[in-house]
Amino acid sequence: MSSTPLLRVNAQVIAIAHTVCSVSAFVVALAVGCSLHYLKIVRNEHYGYPDEWFPSVSATIGDRYPERSVFQILIALTSGPRFLLLFTDYVRLYRAGSVLPKLGLFTGILRTVSCGGWVYITSTDDHSVHDFCMISYIVLTIPWDTAVTLLTPPRSSLRRRRKYTAFAFFGTLVPLIYLYIQHKVKIVPGAYSRYAYFEWSLIIWDIIFDSWSIQDFKDLYIEVRPSKKDDSYFATNFNVKLLQQNIKKETPVEQKSESLSPKGTQLITFKHSIADVINSFIFWTVYSSLYLCIWYFPLWHMGISGYEATAASTLSPILLCIPGVQRLFTYKPQIARVLCCLFGIGSYLVVDPASRLLLIGIGCAFGCIALVVEISAYGRLNNIESTKTYASTFTLGLILSALCKFAFWTENPIWPIMNAKTGGWNKTGLVVGLLGALLTKVPTTPSTKHSEELSTKRPCFIFTFLGFGSLIFSISHLLTDTSTIIRWTWTGYPVRGPTPAPHGAISLCVMCAGVIAGLVYSSRRAVNLTTVLGVVGAIVLYMFPHWTGYIGGMLYVFWICSLVPTVFLQASKWAHRAGSLFFCSFIVALILTLMHVWTVAYAFVPLGPYMRERSDIVLGASVVLLLGLVFGYSSTGSGVNYRVKASVIKKLGNVCLLFAVLSGIIAVQRLPVEKPKPYHPESRLLTAGIWTIHFGLDNDMWASQTRMRDAMKDLEVDVFGLLESDTERVVMGNRDLTERIAEDLNMYTDYGPGPNKNTWGCALFSKFPILNSTHYLMPSPVGELACAIHATLDCYGEPVDVVVFHSGQEEDVEDRRLQSNKLAEVMGSSDKPMILMSYLVTKPLEGNYNTFVSEKSGMHDIDPSDDDRWCEYILYKKLHRTGYARVSRGTITDTEIQSGKFIIPEPGETYDEAYSQSRIDEEDVPADMRYPQKFYGDGVRGHHYHVLMSQSILSELIMSR
């Protein structure tokens, strides 16, 4: 072959050409557009110049000729250098055994195709396709920027520049989203021009990121050489050879460090660590859904149903004691992970609740087996770094689960209680879960380094299984949802502490910080210090509300997340007895879970009174059991000061950083964009409602949040209460049903007494500002603890009190008598107009009814003639009643919706109860004061009027309105 090349080109030419063409396309289009059509391209659907003064990218490149054509020609010229850039980056950054080069090349090609989508299909042509391609481009930028940055040599200036450019790109998304909301929802003049600034900034950052290849390619050349005229001539005419000059070779120190790595550590790559994160996400999804779906059966049976036995599926690690079983799942770990995903996530395809629960139990059983087998495999490896890395991926999967719930209003989108109708992403979860399962890999070749030393100094068996079981419970108790600890600290209005949005992002960031701390610090001193912080945090969380309690909760969360590697290290040393150890561990987790439920369900379970309202015992027991394991860690073995490699910390740290950034973006998106407004302010109308919702699970064990939201929206309810609404517990999925309903309906909300108050829950929703609210735990010496919210609302400038109340159960007569007296005192203590939305458990005109409706309380029944009531009642005073309705429940729960319409009196207006109780025909009532027509006849989505009382209103009042 000839030694003289026909052509020798520095690869910088590719990066320069790409940068010049892409910059020219946007700059020229902007210049031409502003010169020829400035007033047209700055105009949007709401405003024009001078309210808007700067054009968006879409308006510049897609709306007018000739700038549209000029842009598309120049961007087409960019495609050649673009594909060459992708190929050259792949060659330049290639690393043997790493998935990142392929990930970068693949996502880079997809990004280029999606770029063509939003470039050549403008918003004018097809707005949906244009937006889809644009969003796809931004999403695909995450793996592209990540892969290229991580493949850049560590500690180099080039890597820092790429990293900071990527941060700038994604940081720009936050104000971009905020300003888009200001423009689209609030219709603020000038918001779109400011939005355009950040939109153009995204283009700039994106081009700058790729332009760093100019520096990267300075010692990379492409040569074209002629071939000899032999047989190979017919195969190819030219040979293209890329030359890299002045590449720094690995230093002897680095080579020595690599040679000292324990055998087996190279078996697991970053790709497999990401698969472990996905597997952990699936595990926590299935594990949490098991208890959630078990809860459905005692809920509907009003007692022990027998289906609770499905919880025993978590004890499946006992099967590993059978000879050959553990060996099978160790050498074929994909089997357990695939079955966990197929049965656990795929169970949503089964409609029958009992059959679905059975499949979830099978999936959970395989999930527990997979977790135990993998911990044991790392234990046999006898490598601290690998075990700690795996433990960190376990926690990252937990964080990913909490992040998804944060994005989906505390509902995990791939739970088997979700489906396409309720906003589920089950198919996506199934595909992602199976992909992670198939990529699962565990080390099967143990190393010899530290082998004898670690294997002969095992921790106490009892302390270990007690600690691991407590860890599983502690995570499922308070860490699987960002709202749980926040609701522990909530006491009502005015707001004096964190709220689920945006402060849930803080919880996620603290969890990420705990992961990094667990990787970096493993000495006895560090573990003991974080343990002290965690114990103090747990005490503060239990004892104090508001920000103080939340800060304590964050110390506790940080401790738990940082402790996971320590717990896994201790448990992994019992790999030879994994079946028995983890069987005992999951028994501990199961017992703690039952104790946690019995604090509130004591009236329905054996020996329940012993755990009544003792959440302090549950939290304290879980902490003490972890302390035993920490003590064992501090008193056994060597290697506790082992530090994980910086490269591993950096990779997992970047995952943590990604999660933190995503949590911030989600928090911003969930912020309210406008103040709530009542449905009929022109009539000073307030529509109230009450509904007992059975913890957000419908008759067929599907999540019912969205249908509850739609029903209340269709009824145009301004203020309503939900009962049996406290779902921030393990057996209820650690959900907050108030968040999605309140955000979608744009309402203020009061969660009511938190999960640490041991009630079934009551919640208040209001289109009117909540000035203040007080939470009550009503007298309940024998039966279930009754709860109430007493709030004052600003209704058209007038203070109006509302009370949401859930009375005790029918069997406890004395409890209900005491509660009726207490509530009558609360209602009688206020001289303001008032509405009671309640669950009273009494017949009309009998018994405790006459305490609730009495001179002492000053309250009146919305319809004394309606004798077909037992549980739900609406009472009121000093308001003009205009209507009353009972609406069928559909298939959401076993209790109907009750609703009442009231007019808020004008200041100084005389109130006369006799007039308020009088009636006129509905057709004589103004249209905006009537109940919606859609619920007549068969109604809508299974909801229709059971009772619709003739409107009652003073005719003179109608005329005056």
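The values are calculated or read from the model by the stated rules, or taken from the named source; none is laboratory data. Here the structure is a predicted model, which is why all the values come from computation and not from measurement. Cβ atoms come from the backbone with ideal geometry, glycine included; neighbour counts cover every protein chain shown.
Quick one: count up the residues across the stretch 524-550 that are outside any loop (DSSP other than H, G, I, E, B) and either over 16 Å from N756 (Cβ atoms) or aromatic (F, W, Y) (or both). Write out each step before concluding.
We begin by selecting, within the stretch 524-550, every residue outside any loop (DSSP other than H, G, I, E, B); these are 524-543, 546-550.
Within this subset, residues satisfying the condition of being either over 16 Å from N756 (Cβ atoms) or aromatic (F, W, Y) (or both) are 524-536, 542, 547, 550.
Final tally of qualifying residues: 16.
It is to be established whether one or more residues within the stretch 480-495 are assigned to a helix (DSSP H, G or I) and either over 19 Å from the mean Cα position of the chain (by Cα) or farther than 24 Å from L594 by Cα (or both).
no
Taking into account only those residues within the stretch 50-89 that are of a type in the set (F, W, Y) and under 12 Å from Y192 (Cβ atoms), which is modelled with the lowest pLDDT?
Initial filter on the stretch 50-89 (of a type in the set (F, W, Y)): 53-54, 65, 71, 83, 87.
Narrowing further to those that are under 12 Å from Y192 (Cβ atoms): 53-54.
Details: W53: 82, F54: 85.
Step by step, filter the stretch 50-89, then rank; the result is W53.
Of these, V813, V841, which one is buried (at least 18 other Cβ atoms within 10 Å of the Cβ), assigned by TED's automatic domain parsing to the domain that holds N746, among the β-branched types (V, I, T) and out of contact with any strand residue (DSSP E or B) (no Cβ under 9 Å at 6 or more places or on another chain)?
After ruling out the rest, the residue left standing is V841.
May I ask you to verify whether A513 is among the aliphatic types (A, V, I, L, M), part of a helix (DSSP H, G or I), surrounded by fewer than 19 Cβ atoms within 10 Å (Cβ to Cβ) and modelled with pLDDT under 95?
No, not satisfied.
Are there any pairs with C-beta distances below 7 angstrom linking a residue in the stretch 697-722 that is at positive phi to a residue that is crowded, with 20+ Cβ neighbours inside 10 Å and of a type in the set (A, V, I, L, M, F, W, C), with the two at least 6 apart or on different chains, and if so which?
As it stands, the answer is M701/C293; M701/I417, since those pairs meet every condition given.
Kindly provide the set of residues from the stretch 326-355 that are of a type in the set (K, R) and surrounded by fewer than 22 Cβ atoms within 10 Å (Cβ to Cβ), ordered by number. Working first, answer last.
Of the stretch 326-355, the ones of a type in the set (K, R) are 327, 332, 337.
Across the stretch 326-355, the qualifying residues are R327, K332.
Would you confirm whether any residue within the stretch 637-644 is farther than 18 Å from E385 by Cα and out of contact with any Gly (no Cβ under 6 Å at 6 or more places or on another chain)?
no
Name the residue, out of S347, S316, that is assigned by TED's automatic domain parsing to the domain that holds F582, in a helix (DSSP H, G or I) and over 18 Å from L434 (Cβ atoms).
The conditions single out S316.
Just one of (1) touching a residue at least 60 places away in the same chain (Cβ under 8 Å); (2) in contact with a Pro (Cβ under 7 Å, 6 or more places away or on another chain); (3) buried (at least 24 other Cβ atoms within 10 Å of the Cβ) trips up K767, so point out which.
Among (1) touching a residue at least 60 places away in the same chain (Cβ under 8 Å); (2) in contact with a Pro (Cβ under 7 Å, 6 or more places away or on another chain); (3) buried (at least 24 other Cβ atoms within 10 Å of the Cβ), K767 violates only (3).
Residue-by-condition table, conditions (1) of a type outside the set (A, V, I, L, M, F, W, C); (2) in the same structural domain as N44 (by TED's automatic domain parsing); (3) surrounded by fewer than 16 Cβ atoms within 10 Å (Cβ to Cβ); (4) modelled with pLDDT of 80 or more:
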| residue | (1), (2), (3), (4) |
| --- | --- |
| T141 | yes, yes, no, yes |
| D145 | yes, yes, no, yes |
| T149 | yes, yes, no, yes |
| L158 | no, yes, yes, yes |
| K163 | yes, yes, no, yes |
| L179 | no, yes, no, yes |
| V185 | no, yes, yes, no |
| P189 | yes, yes, yes, yes |
| Y197 | yes, yes, yes, yes |
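Does any residue of the stretch 869-876 turn out to be in the same structural domain as Y936 (by TED's automatic domain parsing), part of a loop (DSSP other than H, G, I, E, B) and of a type outside the set (K, R)?
yes
Within the stretch 496-517, can you find the residues that are closer than 16 Å to P755 by Cβ and within 12 Å of the chain's Cα centre (by Cα)?
Once the filter is applied, which keeps residues that are closer than 16 Å to P755 by Cβ and within 12 Å of the chain's Cα centre (by Cα), the stretch 496-517 yields P500, G504, S507.
Can you tell me which of V661, V644, V717, V648 is assigned by TED's automatic domain parsing to the domain that holds C795 and either part of a helix (DSSP H, G or I) or over 19 Å from the mean Cα position of the chain (by Cα) (or both)?
V717
With the condition kept exactly as written, say whether any residue in the stretch 519-527 is among the β-branched types (V, I, T), buried (at least 24 other Cβ atoms within 10 Å of the Cβ) and at pLDDT below 95.
no
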